[in-house]
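To start, the structure under review is shown below, and the notes come after it.
Coordinate-derived values only; no laboratory data. None of these values were measured; they are calculated from a predicted model. Quick reminder, even Gly has a Cβ in these numbers, built from the backbone with ideal geometry, and neighbours come from all protein chains shown.
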């Protein structure tokens, strides 16, 4: 993908270590995400990709290492500051994570309720909800419940819920996993259009090579908890390293 | 032998850790529920769900307990020529002890497991994480509202169950001995004192709190996977039932101290 990235780092991860009991998942991982850039992190299942993303958003606490998001070191912040910062970071969950008991409208309204600092007091949320839904092409689903949506629609609504807070960064956790090839392609097109429209920076966690090819400005292969290799899609594909080649076969 | 003792120590340690974590969870509830934002709409919604979902079950159970209790007690009272004490005995037993504890146990099964399963499945499907990453406080929205709702609704459910139990008892007396409604309830109100009603009602608030607290705790910290949801719902019922008896014992103990002062 053609890059529109500037060299202003928006996320800096340094020497990230994380273990669960005796299982070391991240073993000194490093990453820099520049403004407007899409970085794809690829790795085998269980290689710690999602854990890394959860550390960035503050859902997991790393054992050691630093994560700086928009010049704020996430592990040292108070909860209120983290909550404010989270309005700038969208997170698309692998399973969409829509709230079952709420309609699509309520799902989208929910994140708006606490962020009066960023949005002011919103009397009518409908225009914001509709704008987000239109961005993902599902304005007609506003009154549906999550159990009435297909897998692809759920993923789109989850993306709309992420967009409603107008984040500067979006973390995608396996955005195309579990979808049929056509819907997966639609999601990839959507991700690209969102990046162009909102000028977001993204970390995309995936093991879908087609997704990586379509969207990555830069790729990192996460093997054994570290950055095994880094580069553009073309460079990585040319690599003769068998561990790298295994991802492209 | 050493292995046996090691296992016992392990179990005691795990139990104490669990008690500590539940206490910490309760502390967090008290720390956060006093301060805004207040989720009034969600509290009302939960009150409606919790009250409405259990109303039929509590009503039927209370009514049948009243019937059965009276039918079972009759032969013994007849032996002593004390059938006329039936209304007094039934009402005091129901109001002081049987009504609150049976209703609380039913609600532990009905509401506690429901909350455990609901929050557990939200945890497993990352809905709680999604709330957290959107910068809203899921503890405030999910836990505080449910604990407050169970604390407020359980006393009402107990009163409802008690009334139906006493009414059931009256029906048996009416059929067997043609006792009139006025006579029966006159005896009930004559024997009941505030010292019967107030402590029994106060303890139901604690019962409600325990049901909400354990249900939420087990759901909120549910293990991953669908089996985790089942375990959370099951553990919510088991732990709450045990805790209800402990609270009941403490309540009776404290009440007796005040009686003898």
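What shape does the range A:155-226 take by its C-alpha gyration tensor, where a ≥ b ≥ c are the square roots of the eigenvalues and a/c under 1.5 counts as rounded, a/b above b/c as prolate, and the rest as oblate?
Judged from the Cα gyration tensor, the range A:155-226 comes out oblate (a/c at least 1.5, b/c at or above a/b).
Can you compute the radius of gyration and Dmax for the range A:9-248, using only the Cα atoms, both in Å?
Radius of gyration, then largest Cα-Cα span, for the range A:9-248: 17.8, 58 Å.
Who wins for biggest fluctuation among A:83, A:100, A:210 in a Gaussian network model of chain A, springs between alpha carbons below 10 Å?
A:100
So for the pair residue B:193, residue B:7, with labels modelled 7 Å out along Cα→Cβ, what separation do we get in nm?
Distance between the two pseudo-spin positions: 5.1 nm.
Quick one: Debye curve from the alpha-carbon atoms of the protein assembly as shown only, equal weights, vacuum; give me log10 I(q)/I(0) at q = 0.09 Å⁻¹ to two decimals.
-0.75
To check you understand DSSP bridge types, tell me what percent of the beta bridges within the protein assembly as shown (both residues inside) are antiparallel, rounded to 5.
The antiparallel fraction comes to roughly 55 percent.
Hey, could you pull the Cα Rg and Dmax for the range B:19-135, both in Å?
21.2, 70
Which value, in Å to one decimal place, does the Kirkwood hydrodynamic radius take for the range A:24-127 when every pair of different Cα atoms is included?
For the range A:24-127, the Kirkwood estimate is 16.1 Å.
Helix-only mean residue ellipticity at 222 nm, the protein assembly as shown, DSSP H runs n ≥ 4 weighted -39,500 (n - 2.57), per residue, nearest 500. What is it?
-19500 deg cm²/dmol
How much FRET efficiency would the formula 1/(1 + (r/R0)^6) give for residue A:243 and residue A:22, where r is the Cβ-Cβ distance and R0 is 30 Å, rounded to 0.05?
0.80
Can you list, bin by bin at 10 Å, the percent of alpha carbon pairs in the range B:173-223, starting at 0?
20, 24, 21, 19, 12, 4
Taking 2.2 N^0.38 Å as the expected size of a compact globular protein, what ratio does the Cα radius of gyration of the range B:1-77 give against it, to two decimals?
Ratio of Rg to 2.2 N^0.38 Å for the range B:1-77: 1.97.
Could you work out which residue, out of B:229, B:158, B:172, moves most in a Gaussian network model of chain B, that is, has the largest mean-square fluctuation with Cα springs under 10 Å?
B:172
Considering chain A as a Gaussian network with a 10 Å cut-off on Cα pairs, which listed residue, A:30, A:199, A:235, attains the greatest mean-square fluctuation?
Looking only at A:30, A:199, A:235, the biggest GNM fluctuation is shown by A:235.
Take residue B:21, project a point 7 Å from its Cα along the Cβ direction, then tell me which residues of the range B:223-247 have their backbone nitrogen under 13 Å from it.
Once the point is set 7 Å along Cα→Cβ of residue B:21, B:223-224, B:232, B:235-236 turn out to lie under 13 Å by backbone N, inside the range B:223-247.
Write down, largest first, the equivalent ellipsoid semi-axes of the range B:73-132 in whole Å, where each equals the square root of 5 times an eigenvalue of the alpha-carbon gyration tensor.
Computed over the range B:73-132, the values are 47, 9, 5 Å.
Two decimals, Cα atoms only, Kirkwood Rh: what is Rg/Rh over chain B?
Rounded to two decimals, Rg over Rh is 1.06.
Which semi-axis lengths, in whole Å and largest first, follow from the square roots of five times the eigenvalues of the Cα gyration tensor of the range B:108-245?
41, 15, 11
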